[in-house]
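Colleague: The structure's right below; bear with me while I get my questions together.
The values are calculated or read from the model by the stated rules, or taken from the named source; none is laboratory data. All figures in this text were calculated on a predicted structure; none of them were measured in a lab. Positions of Cβ are generated from backbone atoms using ideal geometry, with glycine treated the same way; all protein chains shown enter the neighbour counts.
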Amino acid sequence: MLADALIVVAKDLRIEWRSRVGIDQLVPFALVVLVLFAFALDSQQTVLAEATPGLLWVTILLALVLCVQRIFVTESAPGLTDQLRLSGLDPAGIFLGKALGVFIQLLALEVLTVFGAAILYSTRFGSVGSIALMVCAALVASVGLAAAGALYGALLLGVRGRETLLPLLLLPVVAPVLIGATSAFQAALGTGDVTSVQGWRWVGLLAVFAVAYVTAGIFAFGPLLEDT
Amino acid sequence: MRSVVHLRDAVCVLGRFPALAGATLDVGAGEVILLQGPNGAGKSTLLRLCAGLLPVQSGTAEVLGHDLGTDARQVRRRVALLGHGVGLYEDLTVTDNVTFWARAAAGDAGDVAAAMARVGLEARLADVEVARLSAGQRRRVALAVLLTRHAELWLLDEPHAGLDVQGRDLVDRLVRQAAKSGVTVVVASHDLDRSTALADRIVSIAGGVVTDDVDVRSGRRGEPAGTIDDPESADAR
Amino acid sequence: MTSIDTGLRAAPKTVDAPTPAPIGTGSRGSRILGVITLALTGLGVLYGLVISPPDANQSNAARLLYIHVPSAIVAYVAFGVTAFASIMVLWKKTETWDLIAASSAEIGIVFTMVCLATGMLWGRPIWGVFWTWDARLTTTALLLVLFVGYVALRRALAGNPNRAKWCAIAGIFAAIDVPIVHESTTWWVTLHQGQTVRLLGESQIGGTMLFSLLIMMVAGMCGYVWMLIIRFRVAFLAERVDETAFDAAIAERRSEAEKSRAVPTIATSEAQ
Amino acid sequence: MEAVTFAAVQTQTPDFWEYVIAGYAFATVLIGGFVIRLVRRGRNLARQVPPDKRRWL
């Protein structure tokens with residue numbers, strides 16, 4: 001299962017590296033959204049500073065939808081799903097590979113948007129402890145987002161109207177991640193009235209989400225891909 | 001004789017359309033079958049069904065000794081399908097594509113090199129992205145992928161389409177070599193001259209059922225799909 | 001659950017009766033249940049709007065709760081049934097469970113909308129706002145969106161042979177989300193704001209008011225079961241209609257073959 | 001504190017009948033509309049299906 005996952009993720013990352021959709025389109029998109037939030041909210045930066053965690057994670061969620069679209073569009077070329085099902089790859093392995101691909105791209109995006117926010121919204125980072133909280137929250141949240149994204153991406157592979165259906169299905173499902181990750185970041189950045197102890201509890205909730213969706217994905221992907 | 005493909009009144013639905021409306025067909029081990037019929041007759045569906053990719057709505061369908069209704073997954077690992085869509089990643093190079101599918105089928109670098117040499121993919125093309133290849137070149141890459149699978153049953157859907165003369169000769173050569181080494185081959189084709197030279201039997205299909213079945217060497221026309229044990233299966237309706 | 005099963009199982013008997021075939025989706029069982037539901041609802045509305053006194057704190061706004069609370073309960077039950085039926089789809093792989101899951105989800109959406117609307121109309125005079133980001137409200141709103149997505153997926157997959165399985169997976173995932181959403185919104189709210197919901201607890205529910213609420217709850221559950229039965233039958237009939245069309249399609253496909261039987265002789269003689 | 005504001009609200013608008021009517025009307029229209037559409041659809045479909053196939057399970 002893990003070996004299959006590595007084969008799939010290596011292939012996906014190679015495609016990303018060669019097509020450069022992620023670097024050429026996804027990263028600029030995330031930055032554009034950050035700038036748009038700045039336009040929409042204010043130029044005084046008080047509201048922006050307060051709202052930074054939420055804006056960051058809304059940006060990530062929007063990017064997640066695009067990322068999932070992209071990583072499954074590559075699989076929708078004629079004959080590919082047939083070959084994938086004939087390949088002998090373990091469905092759970094394919095799921096993990098796809099989720100891992102989304103996860104890696106999300107992490108890269110998160111690092112970039114956090115730096116973007118630091119510059120555009122003048123975010124001030126706190127102590128080592130709060131940075132550790134942010135890193136952990138981002139890692140765990142990304143696992144959950146990637147798992148849910150990979151699952152719904154596969155569910156809609158080959159469905160007509162997939163582009164519009166994916167956000168409708170995926171965004172409500174990942175709402176807890178938005179709440180959890182935003183609150184954890186608030187704790188870390190000190191923008192809300194969330195203490196860092198509460199911040200770590202949020203990381204716990206994110207972990208529950210991640211575990212639930214990774215497990216369910218491993219079991220559900222077989223029937224999803226099986227098709228018979 | 002143990003049959004590799006054994007279909008009895010197999011009905012197969014695409015969406016709500018019955019692409020196969022009760023097909024009956026037996027293919028013995030090592031045989032080369034030519035599947036012919038008009039467009040939309042159900043040839044591609046029959047091949048995809050045999051690959052274990054489509055659900056059987058009713059009737060019996062066994063491939064390589066496995067019931068497709070229950071363990072299609074067992075079948076899938078042991079067949080190779082060359083479909084209309086070549087099943088290649090546009091953004092990856094030829095070598096990357098073949099390597100990925102070979103590794104997925106538990107092959108190694110040796111398999112990749114051997115397969116690419118056999119289909120005559122020159123070194124020049126090895127590092128070109130599939131997106132930049134012509135249709136014929138893509139077919140060759142797909143053939144290389146097919147070879148890495150070491151399958152027991154080949155299902156070729158219009159393998160000659162879009163290929164130049166050398167390419168068609170290559171397909172024929174590969175099919176003969178495969179048949180010699182005991183692989184069963186089902187070819188759907190409109191290129192009758194070429195395929196009849198290749199095939200042991202010609203099976204006609206129309207409207208989702210098998211309508212005719214002729215042995216090429218003896219010229220003997222079997223009851224549709226050799227229905228010795230069940231003479232009224234295809235004609236009864 | 002049991003009441004639904006008996007409702008469904010009792011139905012064929014009435015259909016098999018030597019009376020002419022039913023015009024619609026009704027059967028004797030469902031009609032009796034429908035009449036009971038209507039009577040209970042009428043009584044409930046009478047009690048809710050006329051007989052029960054206005055609440056000491058909330059005045060007449062409390063009358064909205066006689067709809068709000070039962071519809072919330074029915075909605076949660078309906079989504080629970082969808083989740084349970086979705087699991088059964090993956091386990092038993094029967095059409096029945098798939099149709100139950102779909103039917104129950106649709107009814108759940110209707111009752112969730114009623115619940116949210118009455119909640120908002122109650123909130124405006126009592127809290128001063130239509131909406132507050134209270135944990136329960138947020139969870140319910142997300143629940144609505146999740147299952148709207150589920151129904152949208154069913155529509156998008158119409159005609160797909162894998163619809164039952166894929167929708168079951170989506171249904172289970174939506175259901176997995178509910179406790180996580182609930183936990184997260186509860187924490188989120190406790191961290192952000194406090195007191196808004198306290199008003200309800202302070203007011204004492206009197207005997208008549210409790211009775212009104214109870215009647216409406218029973219009426220709501222009866223209504224749910226009735227709708228589930230009818231919605232299930234509609235879905236069942238829709239499947240049968242598709243099947244009839246499918247049989248015709250098979251026949252047509254085979255006649256296609258008959259027509260072309262003359263053709264192979266040419267092809268094969270050419271081949272030899 | 002809240003009780004005070006609440007009491008103020010209550011004296012201004014002693015009953016909330018408009019909200020109550022709106023709520024009941026909304027529920028009636030929504031549920032009623034759903035039920036009517038359901039029954040109509042059922043009749044429509046039942047006409048297309050032969051009686052022997054109209055067994056409910």
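To keep it simple, each residue is scored yes or no on (1) in contact (Cβ under 8 Å) with a residue 24 or more places away in the chain; (2) over 30 Å from B:Glu129 (Cα atoms); (3) among the small types (Gly, Ala, Ser).
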| position | (1), (2), (3) |
| --- | --- |
| B:Gly30 | yes, yes, yes |
| B:Ser44 | yes, no, yes |
| B:Leu47 | yes, no, no |
| B:Val56 | yes, yes, no |
| B:Leu88 | yes, no, no |
| B:Thr99 | no, no, no |
| B:Ala104 | no, no, yes |
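Each row is one residue, and each column tells you yes or no for (1) within 12 Å of chain B (Cβ to nearest Cβ); (2) surrounded by 21 or more Cβ atoms within 10 Å (Cβ to Cβ); (3) under 28 Å from A:Arg160 (Cα atoms); (4) in contact with a helix residue (DSSP H, G or I) (Cβ under 9 Å, 6 or more places away or on another chain).
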site: A:Val21; (1), (2), (3), (4): yes, no, yes, yes
site: A:Phe29; (1), (2), (3), (4): no, no, yes, yes
site: A:Leu36; (1), (2), (3), (4): no, no, no, no
site: A:Leu41; (1), (2), (3), (4): no, no, no, yes
site: A:Val47; (1), (2), (3), (4): no, no, no, yes
site: A:Gly79; (1), (2), (3), (4): yes, no, yes, yes
site: A:Leu84; (1), (2), (3), (4): yes, no, yes, yes
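Colleague: Output the strands (runs of 3 or more DSSP E) that fall wholly within the range B:111-210 and possess 3 or more residues being within 25 Å of A:Gly88 (Cα to Cα), or say none.
Modeller: On the way: elements: B:153-157, B:184-188, B:201-206.
Where strands (runs of 3 or more DSSP E) fall fully within the range B:111-210 and carry at least 3 residues being within 25 Å of A:Gly88 (Cα to Cα), they are B:153-157, B:184-188.
Colleague: Now for a different question. Would you call A:Ile179 within 18 Å of the chain's Cα centre (by Cα) and surrounded by 19 or more Cβ atoms within 10 Å (Cβ to Cβ)?
Modeller: On the way: within 18 Å of the chain's Cα centre (by Cα): yes; surrounded by 19 or more Cβ atoms within 10 Å (Cβ to Cβ): yes.
Considered against the rule, which asks whether it is within 18 Å of the chain's Cα centre (by Cα) and surrounded by 19 or more Cβ atoms within 10 Å (Cβ to Cβ), A:Ile179 comes out as yes.
Colleague: Report whether or not C:Ile73 is modelled with pLDDT of 70 or more and more than 10 Å from chain D (Cβ to nearest Cβ). Please lay out each step first, then the result.
Modeller: Values: modelled with pLDDT of 70 or more: yes; more than 10 Å from chain D (Cβ to nearest Cβ): yes.
Yes, satisfied.
Colleague: Determine which single condition A:Leu89 fails, assuming it passes every other condition in (1) of a type outside the set (Ser, Thr, Tyr); (2) crowded, with 17+ Cβ neighbours inside 10 Å; (3) touching a residue at least 40 places away in the same chain (Cβ under 8 Å); (4) not in a loop (DSSP other than H, G, I, E, B).
Modeller: Here A:Leu89 meets the rest and fails (4).
Colleague: Got at least one residue in the range B:74-88 being farther than 15 Å from B:Asp157 by Cα, modelled with pLDDT of 90 or more and among the small types (Gly, Ala, Ser)?
Modeller: The answer is no; no qualifying residue exists.
Colleague: Of the residues A:Tyr152, A:Tyr121, which single one is of a type in the set (Phe, Trp, Tyr), closer than 26 Å to C:Lys93 by Cα and in contact (Cβ under 8 Å) with a residue 60 or more places away in the chain? I'd like the intermediate steps shown before the answer.
Modeller: Working: A:Tyr121 fails: closer than 26 Å to C:Lys93 by Cα.
Of A:Tyr152, A:Tyr121, the one residue that is of a type in the set (Phe, Trp, Tyr), closer than 26 Å to C:Lys93 by Cα and in contact (Cβ under 8 Å) with a residue 60 or more places away in the chain is A:Tyr152.
Colleague: Among the residues in the range A:129-152, are any aromatic (Phe, Trp, Tyr), more than 14 Å from chain C (Cβ to nearest Cβ), crowded, with 20+ Cβ neighbours inside 10 Å and over 12 Å from the mean Cα position of the chain (by Cα)? Show your work before the answer.
Modeller: Within the range A:129-152, the first condition is being aromatic (Phe, Trp, Tyr), and the residues that meet it are A:152.
If we keep only those that are more than 14 Å from chain C (Cβ to nearest Cβ) too, we end up with none.
Checked against the condition, which is being aromatic (Phe, Trp, Tyr), more than 14 Å from chain C (Cβ to nearest Cβ), crowded, with 20+ Cβ neighbours inside 10 Å and over 12 Å from the mean Cα position of the chain (by Cα), the range A:129-152 yields no hits at all.
Colleague: If you check C:Ala83 against the conditions, is it surrounded by fewer than 23 Cβ atoms within 10 Å (Cβ to Cβ) and either away from chain D (no Cβ under 14 Å) or not polar (S, T, N, Q) (or both)? Walk me through how you get there before you give the answer.
Modeller: Numbers: surrounded by fewer than 23 Cβ atoms within 10 Å (Cβ to Cβ): yes; either away from chain D (no Cβ under 14 Å) or not polar (S, T, N, Q) (or both): yes.
Answer is yes for this residue.
Colleague: A:Leu156 passes all but one of (1) surrounded by 22 or more Cβ atoms within 10 Å (Cβ to Cβ); (2) among the aliphatic types (A, V, I, L, M); (3) within 16 Å of A:Ala92 (Cβ to Cβ); (4) within 10 Å of chain C (Cβ to nearest Cβ); which number fails?
Modeller: Of everything listed in (1) surrounded by 22 or more Cβ atoms within 10 Å (Cβ to Cβ); (2) among the aliphatic types (A, V, I, L, M); (3) within 16 Å of A:Ala92 (Cβ to Cβ); (4) within 10 Å of chain C (Cβ to nearest Cβ), A:Leu156 misses just condition (3).
Colleague: In the set A:Gly192, A:Gly222, A:Gly158, A:Gly116, which member is in contact with a helix residue (DSSP H, G or I) (Cβ under 9 Å, 6 or more places away or on another chain) and within 19 Å of C:Ala174 (Cα to Cα)? Reasoning before the result, please.
Modeller: Values: A:Gly192 fails: within 19 Å of C:Ala174 (Cα to Cα); A:Gly158 fails: within 19 Å of C:Ala174 (Cα to Cα); A:Gly116 fails: within 19 Å of C:Ala174 (Cα to Cα).
Every option except A:Gly222 fails the conditions.
Colleague: Follow-up question, since we're still on this one. With the structure loaded, tell me whether B:Leu49 is over 21 Å from B:Leu192 (Cα atoms), surrounded by 24 or more Cβ atoms within 10 Å (Cβ to Cβ), within 16 Å of the chain's Cα centre (by Cα) and within 14 Å of chain A (Cβ to nearest Cβ) or whether it fails that test.
Modeller: Values: over 21 Å from B:Leu192 (Cα atoms): yes; surrounded by 24 or more Cβ atoms within 10 Å (Cβ to Cβ): yes; within 16 Å of the chain's Cα centre (by Cα): yes; within 14 Å of chain A (Cβ to nearest Cβ): yes.
Yes: the conditions hold for B:Leu49.
Conditions tested, residue by residue: (1) over 22 Å from D:Ile21 (Cα atoms); (2) part of a helix (DSSP H, G or I); (3) more than 13 Å from the chain's Cα centre (by Cα).
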{"site": "C:Phe84", "(1), (2), (3)": "yes, yes, no"}
{"site": "C:Leu99", "(1), (2), (3)": "yes, yes, no"}
{"site": "C:Ala102", "(1), (2), (3)": "yes, yes, no"}
{"site": "C:Gly108", "(1), (2), (3)": "yes, yes, no"}
{"site": "C:Ile126", "(1), (2), (3)": "no, yes, yes"}
{"site": "C:Phe130", "(1), (2), (3)": "no, no, yes"}
{"site": "C:Thr139", "(1), (2), (3)": "yes, yes, yes"}
{"site": "C:Leu144", "(1), (2), (3)": "yes, yes, no"}
{"site": "C:Tyr150", "(1), (2), (3)": "yes, yes, no"}
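Colleague: Select from the range B:59-105 the residues that are in contact with a His (Cβ under 7 Å, 6 or more places away or on another chain) and in a loop (DSSP other than H, G, I, E, B) and list them in ascending order.
Modeller: Result: no residue meets the conditions.
Colleague: Moving on to the next point. Would you list the helices (runs of 4 or more DSSP H) that sit entirely within the range A:111-191 and hold 2 or more residues that are more than 30 Å from C:Ile169 (Cβ to Cβ) and modelled with pLDDT of 90 or more?
Modeller: Working: elements: A:128-155, A:162-173, A:175-189.
Answer list for the range A:111-191: A:128-155.
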